[in-house]
Amino acid sequence: MRLTEDIALVGGGAMTGFGLSSDFDAHVYLLDGGEECALVDCGMGTPSGIERVLENAKRAGIPGERITKLFLTHYHTDHAGGAAIYRERLSLQVAVGAGAKDALELPDHDATGFAAAKAAGIFPSGYDYKPCVIDDPLADGAERRVGRLSVRFIETPGHCGAHGSYLVTAPGQSYLLAGDAVFAGGKLFLQAIPDCDINESMKSVARLAALDFDALLPGHGAICLRDGRSHVELANASIGRLALPANLV
Ligand SMILES: [Zn+2]
């Protein structure tokens, strides 16, 4: 599904998305930089989910061969579980915040939260989270190009320990791909997991509120193509009143 000439939405589950791929997938975005394209997050990577993502990409005018990179926001299964499969199938390079590299490469199921999520019955019993080589561990502020688009990595911990967001700048429009750092309506996604940190989450919201961007493209739920900053400001204003913003779930 084309969102703008720069970005398509090619995956996402039925629970918090638009039923485009596997039920538990987070939103999967596809940056269209022209000669180069890149996924931002990839979902859990079930065989049928991957086929749907690639079919959706093709419908948006982007065949798999043009996808050269995958940027991950964090290591949770609904965002990154399919990374190893996409890396092999599309021969793409995987980028993620440097702090998430070890958890994905081992993989460390405690660190990624997969062990807890599996025990809680969140993912199908036969599903496994495959280790993924990280080609491009990103430092805070790292800049990358995807064709005509520039992509800046911003550390935004809180939802989990090693979480990052991406500020994508195209000629005439900018986008914040916030992962699970902040959502439409100024909501947060705080969970009862060991590496979720409310105070870090608040600091990350303040960081994002200081940026200039047009669209807010979060990892779940509504997508805001205009005035996306107002949603982040809503969360930040709530924190300014010492009130915890509403939670996504
Ligand atoms: Zn998520």
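Odds and ends about this structure:
- Long-range amide H partners of residue 138 with built H, under 5 Å: 96, 97, 98
- Here the 3J(HN,Hα) profile of the range 233-238, calculated from phi with Karplus coefficients 6.51, -1.76 and 1.60 at θ = phi - 60°, is 5, 4, 5, 5, 5, 4 Hz, Gly and Pro shown as x.
- The largest-to-smallest principal axis extents of the Cα set in the range 10-57 are 32, 19, 14 Å.
- Computed [θ] at 222 nm, helices only, for the chain once each DSSP H run of length n ≥ 4 contributes -39500 (n - 2.57): -7000 deg cm²/dmol
- Lysines with Cα under 16 Å of residue 187, excluding same-chain neighbours fewer than 8 positions away: 203
- The packing ranking of peptides 139-146, 176-183, highest mean first, is 176-183, 139-146, where packing means the average number of other beta carbon atoms within 10 angstrom of each residue.
- Taking amide hydrogens as placed 1.01 Å from N in the peptide plane, the amide H of residue 36 sits under 5 Å from those of 147, 148, each at least 5 positions away in sequence or on another chain.
- Total formal charge among the other residues, if their Cβ is under 13 angstrom from that of residue 203, Lys/Arg +1 and Asp/Glu -1: -3
- Residue-wise HN-Hα couplings along the range 140-145, as the Karplus relation 6.51 cos²θ - 1.76 cosθ + 1.60 with θ = phi - 60° gives them from phi, are 3, x, 4, 10, 10, 10 Hz; Gly and Pro carry x.
- Taken over the chain, the alpha-carbon convex hull comes to 103 cubic angstrom per residue.
- Peptides 119-128, 42-51 ranked from most to least packed, by the mean per-residue count of other Cβ atoms within 10 Å: 42-51, 119-128.
- Of 120, 183, 157, farthest towards positive along the dipole that unit charges on Lys, Arg, Asp, Glu beta carbons give the chain: 183
- In sequence order, the range 189-196 has phi-based couplings of 10, 9, 10, 7, 10, x, 9, 7 Hz under the Karplus curve 6.51 cos²θ - 1.76 cosθ + 1.60, θ = phi - 60°, and Gly or Pro positions carry x.
None of the figures in this text is laboratory data; all of them are computed from the coordinates on show. A quick note: this is a predicted structure, and the numbers were derived from the prediction, not measured. All Cβ positions, even for glycine, are placed from backbone atoms using ideal geometry, and neighbour counts span all protein chains on display.
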